[in-house]
Amino acid sequence: MLRIEHLTKKYDQYKAVDDLSLEIEDGHIYGFIGHNGAGKTTTLKSVVGILPFDEGEIFIDNQSMKTNAMACKKIMAYIPDNPDLYEYLTGIQYLNFIADVYQVSKTDREARIKKYADMLELTSDLAQPISAYSHGMKQKLAVISAFIHNPKLIIMDEPFVGLDPKASHLLKQLMREHCDQGGAIFFSTHVLEVAEKLCDRIAIIKQGKLVISGRTQDVIGNDSLEDVFLELENDNA
Ligand SMILES: Nc1ncnc2c1ncn2[C@@H]1O[C@H](COP(=O)(O)OP(=O)(O)OP(=O)(O)O)[C@@H](O)[C@H]1O
């Protein structure tokens, strides 16, 4: 579903992402772990086509982000780390706007808005302007807008920040459901317990370089993800 090959992204001369390669298969939830400033957001923004990159290739469902960005973007959704949505729109106007962009039929959008807004308990707030939403409510709206066009691949940057425990639980359920239906998810998180339980695969990035990736149980072994992460962080080799 997603193939990143030798991705390098520089800010001036600083390599924020350095020769990073990984592959995410259909049906997998893939967690992306790393310290502050490790290069997670830069990688995710390169994948979704927000940031141009210096070297390497990114393929979404075998289509190149470099040469066929539109085809890639059509089948992908992105939930950024900060839900900066159009504040002057109401929640329902925003969802309809996103559904229009992705040409979602009236029947499909109504069914999906009902399903996800009811589930995340946002239905009664959809008539309110987004400017009146709390951070968590904006995050829920961003989640619904990602699922509204039934993307194959969902990229999420710290999706659990700001969500209450019930909403976090429901989001994990939605993520699993999406991947059980053949989709894939690549998401960054600092919540290692969640990553350990939820992810089929995990990659750890340090100073722009991938230090370990693979099946969650293989990465963790007999330790916890926290132990593995801290060990790698302390390893200066
Ligand atoms: N627009 C920018 N201009 C210059 N340097 C940047 C820019 N954005 C990020 N960086 C630098 O690139 C590196 C990687 O940043 P990035 O935001 O990708 O890290 P991150 O792993 O997402 O961190 P966090 O966990 O804190 O969100 C950091 O050293 C950061 O200072």
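Here, each number is a calculation from the coordinates, and none is a lab measurement. Just so it is clear, the model here is predicted, and its values are computed rather than measured. A quick note on method: Cβ atoms are made from the backbone with ideal geometry, for glycine too, and the neighbour counts reach across all protein chains shown.
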Given a Förster distance of 30 Å, the FRET efficiency implied by the Cβ-Cβ spacing of Ser64 and Asp235, rounded to the nearest 0.05, works out to 0.30
Here the net charge surrounding Glu158, from other residues whose Cβ is less than 10 Å away from its Cβ (Lys, Arg +1; Asp, Glu -1), is -1
Taking placed amide H atoms and a strict 5 Å upper bound, the residues 5 or more places from Ile154 or on another chain that come that close are Ala77, Ala184, Ile185, Phe186
Contour minus Cα-Cα span, Glu226 to Ser124, at 0.36 nm per residue, comes to 32.8 nm
Taking placed amide H atoms and a strict 5 Å upper bound, the residues 5 or more places from Lys209 or on another chain that come that close are Asp18
Comparing Ala195, Ala167, Ala71 in a Gaussian network model of the chain (Cα, 10 Å), the one with the largest mean-square fluctuation is Ala71
With a ≥ b ≥ c from the Cα gyration tensor eigenvalues, square-rooted, and the rule rounded for a/c under 1.5, otherwise prolate when a/b > b/c and oblate otherwise, segment 47-97 is prolate
Given Cβ charges of +1 for Lys and Arg and -1 for Asp and Glu, the option among Val104, Leu120, Gly136 whose Cα lies farthest towards the positive end of the dipole of segment 68-141 is Val104
Quick shape check on segment 166-237: root eigenvalues a ≥ b ≥ c of the Cα gyration tensor, a/c under 1.5 is rounded, otherwise prolate if a/b tops b/c, else oblate, and it reads prolate
Residue by residue through segment 194-208, the couplings from Karplus 6.51 cos²θ - 1.76 cosθ + 1.60 with θ = phi - 60°, in Hz, x for Gly and Pro, are 5, 4, 4, 7, 8, 8, 7, 9, 9, 10, 10, 10, 9, 6, x
Longest principal axis of the chain (C-alpha) makes with the long axis of helix 91-101 (C-alpha) an angle, in degrees to the nearest 10, of 70
Rounded to the nearest 0.05, FRET efficiency between Glu25 and Gln93 (Cβ-Cβ, R0 30 Å) equals 0.25
Listed residues Lys140, Lys74, Lys152; largest mean-square fluctuation, Gaussian network over the chain with Cα springs below 10 Å, found at Lys74
Checked against a 18 Å limit on the C-alpha separation, the offending pairs among Lys10/Lys206; Lys152/Lys209; Lys172/Lys206; Lys74/Lys209 are Lys152/Lys209; Lys172/Lys206; Lys74/Lys209
Taking 0.36 nm per residue of separation between Ile50 and Asp81 and subtracting their Cα-Cα distance, the length gained on full extension comes to 9.8 nm
A chain fully extended from Asn36 to Thr107 at 0.36 nm per residue, minus the present Cα-Cα distance, gains in nm 21.3 nm
Phi angles of segment 43-58, converted by Karplus (6.51 cos²θ - 1.76 cosθ + 1.60, θ = phi - 60°) into ³J(HN,Hα) in whole Hz with x for Gly and Pro, give 4, 5, 5, 5, 4, 8, x, 7, 10, x, 10, 8, 9, x, 9, 10
Rounded to the nearest 5, the percent of antiparallel DSSP beta bridges in the chain equals 55
Length-normalised contact order of segment 85-150, Cα under 8 Å, at least 6 apart, in percent, tallies to 54
Segment 162-206 and segment 71-98 have their Cα centres apart by a whole-number Å value of 20
Expressed to one decimal in nm², the mean projection of the alpha carbon convex hull of the chain is 13.0
Rounded to the nearest 10 degrees, the helix 165-180 long axis (Cα) sits at an angle to the longest Cα principal axis of the chain of 80
For the chain, the longest principal axis of the Cα atoms and the Cα long axis of helix 106-119 enclose an angle in degrees, to the nearest 10, of 70
